[in-house]
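Visitor: For reference, the structure I am asking about is given below.
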Amino acid sequence: KGGKILILPGDHVGPEVVTEALKVLDIIEKHTGARFERDFDLCGGCSLDKHKDSVTEAVLKKCEDIDAVFFGSAGGPEWGTSQPNPESGLLRIRARMQIFANMRPCKFASKSMVSRSPIKEEIIRGVDFMLIRENCGGAYYGKKIEEEDYGCDPWEYRRSEIERVVRVAGALAMQHDPHLPVWSADKANVLASSRVWRRITHEVFEKEFPKVTLKDQLADSLAMLLITKPTAFNGVIVTDNTFGDILSDEAGGLTGSLGLLPSASLAGPPASPGQKPTLGANNAGGVRGLYEPVHGSAPDISGKGLANPVAQVLSLAMMLRYSFNMHDEAEAVANVLDSKAEGGLEVRTGDLGGQADTREMSEAIQGEVGRL
Ligand code: NAI
Ligand code: MG
């Protein structure tokens, strides 16, 4: 068990929270006998400083044959006018790895989450969905036209791009519970690319996931329902790049603090236990992926020990699950916020209204993981 991880801590709070998350990985190794080879490298402002580029070709090469990339965060005001900008390193890694399925879980975890959410507790209690955003196509790519008085971004989707990402949604639903529906969010009422998306998505589900209920939802109406009735979407939501960008930030807002939100970007559908992935397989029996917190480098709090390490730790849990097929260990780490049942973890960082520093929060997490 185990495999090879490329670790790119990045800038500001990136290295602070990555260091703490890796202590959790040490505990997992001790408990399971799994071994993870760790290769540390640069991406972001730190790479700009050393190599005058946000990511080097050598690092991009490594990303091609690594089991997983564990990423912190990139950027900061000191590289404000740099060309390229520090965040471009991550975009280049995404393109190189073809990690087209960006996954963000949105889960009601504990009191600590509720206390910071702007939404009433009775509305968000029980929320548990996975939002999958297509991340290598659509309006953000393609041939752009930018003139003095005219701008154009072609919003294109090809069959292969749609099929591969909606298969991730189908595979996830099958793994968790085929009774959980999959929602596909689009604007088929006005966009041709959405109508093609909708038609091909239905073809894939009828043929490959006949047991899963597929429901279409217009993206604008989904945006409203996520605020008023978010539990209605428990299950999986899959959508294109643009809608996914907006809806995933909205879903992030539901839970209150950026310090709690992990993400995974996968190069293929997750494999069921005991099976090999069909696309994007790595050497560890899982799927190639990049794992990072949703938050950025938080320069306003970096160097002060104030960052909440939870989002990075939960990203580690996703890595164990999808890239290394370590489902039990992933579950144990992912549940760490819930482990004190009603109250959630009592130790809390400032973003959760507490007094703890990064180290104390991390030690509380390590203590919980160590007991599992
Ligand atoms: P940010 O996510 O870094 O920070 C937004 C706010 O949330 C700040 O007040 C920050 O202190 C707080 N925050 C973020 N993470 C936290 C944590 N773990 N614990 C406690 N509080 C936390 O977003 P911002 O300020 O817009 O961007 C800062 C830099 O990060 C920019 O250079 C931006 O481009 C970059 N960025 C990088 C990303 C990446 O590497 N994937 C993603 C988003 C932004
Ligand atoms: Mg966004």
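We did not get these values from a lab; they are worked out from the coordinates using the rules stated. These numbers were taken from a predicted model, which means no experiment stands behind them. Please note: Cβ atoms are built from the backbone with ideal geometry, for glycine as well, and neighbour counts cover all protein chains shown.
Visitor: Among THR358, THR32, THR201, which comes first, then next, by fewest other beta-carbon atoms within 10 Å?
Guide: Final ranking by Cβ density, sparse to dense: THR32, THR358, THR201.
Visitor: At what distance in angstrom do the alpha carbon centres of region 13-42 and region 132-209 lie from each other?
Guide: Distance between centres, Cα-based: 34 Å.
Visitor: Going out from 0 in 10 Å bins, what whole percent of all Cα-Cα distances in region 117-255 drops into each bin?
Guide: Reading upward from the zero bin: 12, 41, 32, 12, 3, 0.
Visitor: OK, next. If the cut-off is 30 Å between C-alpha atoms, which lysines fall inside it for LYS50, apart from same-chain ones fewer than 8 positions away?
Guide: Within the straight-line cut-off, LYS50 pairs with LYS4, LYS23, LYS61, LYS62, LYS304.
Visitor: At 4 °C and 1.567 mPa s, grab the translational diffusion coefficient of region 191-266 from Stokes-Einstein with a Kirkwood Rh over Cα pairs, rounded to a whole number in µm² per second.
Guide: 92 µm²/s
Visitor: Can you give me the Kirkwood hydrodynamic radius for the chain, using every pair of distinct Cα atoms, in Å to one decimal?
Guide: One decimal place: 20.9 Å for the Kirkwood radius.
Visitor: If you don't mind, another one. Which order do GLU146, GLU161 fall in if you start with the one that has the fewest other Cβ atoms within 10 Å?
Guide: Ordered by Cβ neighbours within 10 Å, fewest first: GLU146, GLU161.
Visitor: How would you rank 152-159, 282-289, 293-300, highest first, on the average number of other Cβ atoms within 10 Å across their residues?
Guide: Going by the mean number of other Cβ atoms within 10 Å, highest first, we get 282-289, 293-300, 152-159.
Visitor: While we're on this one: Among all the lysines, which ones have a C-alpha under 22 Å from LYS207's C-alpha, if same-chain residues fewer than 8 places away are not counted?
Guide: By straight Cα distance, LYS207 reaches LYS215, LYS276.
Visitor: Note the per residue figure in Å³ for the convex hull of the C-alpha positions in region 69-188.
Guide: Once divided by residue count, the hull of region 69-188 is 222 Å³.
Visitor: May I ask you to order 270-277, 253-260, 99-106, 5-12 by the average number of other C-beta atoms within 10 Å around their residues, highest value first?
Guide: Descending packing order for the listed peptides: 5-12, 99-106, 253-260, 270-277.
Visitor: On average, how much area does the Cα convex hull of region 16-78 cover when viewed from any direction, in nm²?
Guide: Directional mean of the projected Cα hull area for region 16-78 stands at 5.0 nm².
Visitor: Determine the relative contact order of region 117-255: mean sequence separation of Cα pairs under 8 Å and six or more apart, normalised by residue count, in whole percent.
Guide: Here the relative contact order equals 40 percent.
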